[in-house]
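One structure is given below, encoded as structure tokens.
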Amino acid sequence: MIRNTDAGALRAEAVDSTVTLAGWVAHRRDHGGVIFLDLRDGSGIVQCVLREDLASSANELRSEFCLRVVGEVSKRPEGNENPELPTGEVEVIVSSYDVLSTSEALPFPIDGHTDVSEERRLRYRYLDLRSADGPGSALRIRSKVTNAARRVMERHDFLEIETPYLTRSTPEGARDFLVPVRLQPGSWYALPQSPQLFKQLLMVAGMERYYQFARCFRDEDFRADRQPEFTQLDVEMSFCEQDDIIALAEDVLTTIWREVLDVEIATPFPRMTFADAMRRYGSDKPDVRFALELADLTELFARTDFKVFQAEHVGAVLVPGGGTFTRKQFDAWQEWSKSRGGKGVAYVQIGANGLPSGGIAKFLREDELQGLVAATEAAPGDAVFFQSGPKRQTLEALGALRVAVAKDRGLIPEGRWEFLWVTDAPMFEPTEGPAGEQGWTAVHHPFTRPRRADEGTLVDNPGEALAVAYDVVLNGSEIGGGSLRIHERELQEKVFGVLGLSAEEAQSKFGFLLEAFKFGPPPHGGIAFGWDRITQHITGTDSIRDVIAFPKTASGGDPLTGAPTPITPAQRREAGIDKQPSGGPFGGGPTGGGGTPIPPPNRPAGETRPDTERN
């Protein structure tokens, strides 16, 4: 027997029992003939005591040696308890031990290595995961989160079904990762950005209730806190309305918070339309833990002489206590704006008399000064920050400014969980083609259902159409999103047309879906949760990399294995990477039978969705 109990499980009830433990030496302390070892395994740490002859023979033991220990559990001497450890009341008096394996000098200390670079930690990720806390602890919590969600899905009679990793390239938002096919030189598989089309086909297949913890792959530009591969809890349901999916999602989330954090979350979650979220908070994923809302000053400055405010939209953010800012502090806000691609931040300060002064106050009329104080509810000692320009761009800039101000002024409360549904997003947003002509791209994805009232006017007024879509937001972070889907072939073809796809292109790229829609497809809808992001919230970690076993760096590299790496000329020839495609065994090679080659993966920037949960 290598061990008969876990080190972290020992409590006072185990005193006088003989135990066999196995784990790693976390720390070693030599106290004049008595050696104390902190033995660590996956369950925690317990102190082991080696006395007399055993201690003299244990000089070889070093940090991260892997040991098997036999000993008697004893109560620690009075005054020597360690209240910071769950096992702090007891220790193990060792009668024998075996070295299962030795360890060389470590590249960094496993416990307390906060000053080690991330790249070095990822290079030795297996050591980083071994520590008593940190990413190893986060992975154990992640497993509990996943198991809790599985129990909810089983309770609601959902089937866990896997979908393919090797599929065809379809324009779902980001760029695909492509895989060459040796047996069909010049043809390629794509790794799935999401299981979207397969889960809809499962609904046509009569599976009715599907879920899986799906791996998704997106070749996006490098960004902080993004990963080229990530996990979603992917869900699809037949014969449902929006409220059915929202109720299921709330059950999943509240169960996780209850079982893992022992926190009760009230339901139903509040709901807010996309338009209201943008108007009030400048974001489609607003943080509602603090009440700092945007002020719309467009009407106030409709006839202004100040050219900067002669714009489609003028808005403001109140800065509580900002009236005491120094010139240096205001300059820092200008730099903050410019670092985000903005032109700076206009401001005024509210004096003791309640009137604006400083900044741009000298350019405004008296009635405008009085109006902005009323509109922003500014008090003496406050400041007001302004942004102006195109409406959507200005609202988003104000939304980012609102969050930055709240962080700067300490307005965001700790320990609060504010869930919110954002509904009724636009179906489409404008995009500019290569020749400067206006086109449209899907806000969520091309399979999202428009509201019934908008189905007849999609072609004439695509910019006014709203989707039956819903995103769940937690503390300003989108943790899931979904929609009801189109299940009628004619409506789906109409949406493809708005997106600029000809009938031939739609058949080439999505012919298999359109064909399935000929055979009695049920109404259906779904949602996908960003599992890495949810786990990050639950564990309180700083990045999704902390809740992924073997993550990539921000640049997409893997310091552990050295991936990605070049391939040899022989591998290139064998994979047929440079071959032109020919007709494959299914009548069309890479076209899947449609006759038109799959387009290259580098789609226009306007088609790239930044949110990983657009599903």
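Per residue, the solvent-accessible area of segment 448-531 (1.4 Å probe, heavy atoms of protein chains only, all protein chains present) comes to 35 Å².
Across segment 60-116, how large is the tail of the calculated P(r) beyond 15 Å, expressed as a percent of all Cα pairs?
Tail of P(r) above 15 Å: 65 percent of Cα pairs.
If R0 is taken as 60 Å, the Cβ-Cβ distance between L106 and D367 corresponds to a FRET efficiency of 0.30.
Under a point-charge model restricted to the Cβ atoms of Lys and Arg (+1) and Asp and Glu (-1), what is the dipole moment magnitude of segment 324-416 relative to its Cα centre, in debye to the nearest 20? Please list the in-between numbers first.
Details: 13 positive and 10 negative charges, 78 e Å.
Its charge dipole is roughly 380 debye.
Taking all protein chains as shown and a probe of 1.4 angstrom, D546 keeps an accessible surface of around 40 Å².
Projecting the alpha carbon convex hull of segment 373-501 along each direction and taking the average yields 11.3 nm². Each 5 Å bin from zero up to the one holding the largest Cα-Cα distance in segment 239-397 carries the following percent of pairs: 2, 8, 15, 17, 17, 12, 7, 7, 8, 6, 3, 1, 0. Check A190: other-chain or 5+ apart residues with amide H under 5 Å from its amide H, H built from backbone geometry? Result for A190 returns T167, R168, S169, V179. As a fraction of the 1.4 Å probe accessible area of the chain, surface on carbon and sulfur atoms comes out at 50 percent. Restricted to Cα atoms, segment 218-277 shows a radius of gyration and a Dmax of 15.7, 39 angstrom.
Please work out the C-alpha center-to-center distance from segment 220-285 to segment 293-320 and express it in whole Å. The distance from the Cα centre of segment 220-285 to that of segment 293-320 comes to 33 Å.
The listed residues Y347, Y210 rank as Y347, Y210 when sorted by accessible area, largest first, using a 1.4 Å probe. Percent of alpha carbon pairs in segment 152-257 separated by more than 24 Å? Everything past 24 Å amounts to 36 percent. In the complete set of protein chains, residue-level accessible area for Y124 is approximately 50 Å², probe 1.4 angstrom.
For K552, K199, what's the largest-to-smallest order of accessible area, 1.4 Å probe? Show your work: numbers first, answer last.
Details: K552 35, K199 0 Å².
The residues order as K552, K199, largest area first.
Put Y165, Y97, Y211 in order of accessible area, highest first, and with a 1.4 Å probe you get Y165, Y97, Y211. Within a straight-line Cα-Cα reach of under 27 Å, K307 can be paired with the following lysines, leaving aside sequence neighbours fewer than 8 residues apart in one chain: K328, K338, K343, K362, K391.
Cα extents for segment 56-204 along the principal axes, largest to smallest and rounded to whole angstrom: 68, 42, 30. Given +1 at the Cβ of Lys and Arg, -1 at the Cβ of Asp and Glu and no other charges, the dipole of the chain around its Cα centre is 1200 debye to the nearest 20.
Based on Cα coordinates alone, diagonalise the gyration tensor for segment 405-449, multiply each eigenvalue by 5, take square roots, and list the semi-axes in whole Å, largest first. Kindly include the intermediate steps, with their values, before the conclusion.
On the way: eigenvalues 262, 64, 9 Å².
So the equivalent ellipsoid measures 36, 18, 7 Å along its semi-axes.
The Rg/Rh ratio of segment 1-110, with both radii computed over alpha carbons and Rh defined as the Kirkwood radius, is 0.93.
Could you tell me the relative contact order of segment 408-501? Use alpha-carbon pairs under 8 Å, at least six residues apart, and round to a whole percent.
Details: 144 pairs, mean separation 29.6, N = 94.
The value is 31 percent.
A compact globular protein would have a Cα radius of gyration near 2.2 N^0.38 Å; the ratio found for segment 175-313 is 1.55. Here the sum of -39500 (n - 2.57) over DSSP H runs of 4 or more residues, divided by the residues of the chain, equals -7500 deg cm²/dmol at 222 nm, to the nearest 500. Between segment 442-515 and segment 361-387, how many Å separate their Cα centres? The distance from the Cα centre of segment 442-515 to that of segment 361-387 comes to 42 Å. Every Cα-Cα pair in segment 1-58 was counted, and those over 14 Å apart are 57% of them. Diffusion of the chain by Stokes-Einstein, at 10 °C in a medium of 1.306 mPa s and with Rh set to the Kirkwood radius over alpha-carbon pairs, works out to 56 µm²/s. Annotation: R155 carries an accessible surface of approximately 140 Å², with a 1.4 Å probe and no ligand, DNA or RNA atoms counted.
The values are calculated or read from the model by the stated rules, or taken from the named source; none is laboratory data. All values reported here derive from a predicted model rather than from experimental measurement. Glycine gets a Cβ as well: all are built from the backbone with ideal geometry, and neighbour counts include every protein chain shown. SASA here: full protein model, heavy atoms, side chains in, ligands and nucleic acids out. Shrake-Rupley method; radii C 1.70, N 1.55, O 1.52, S 1.80 Å.
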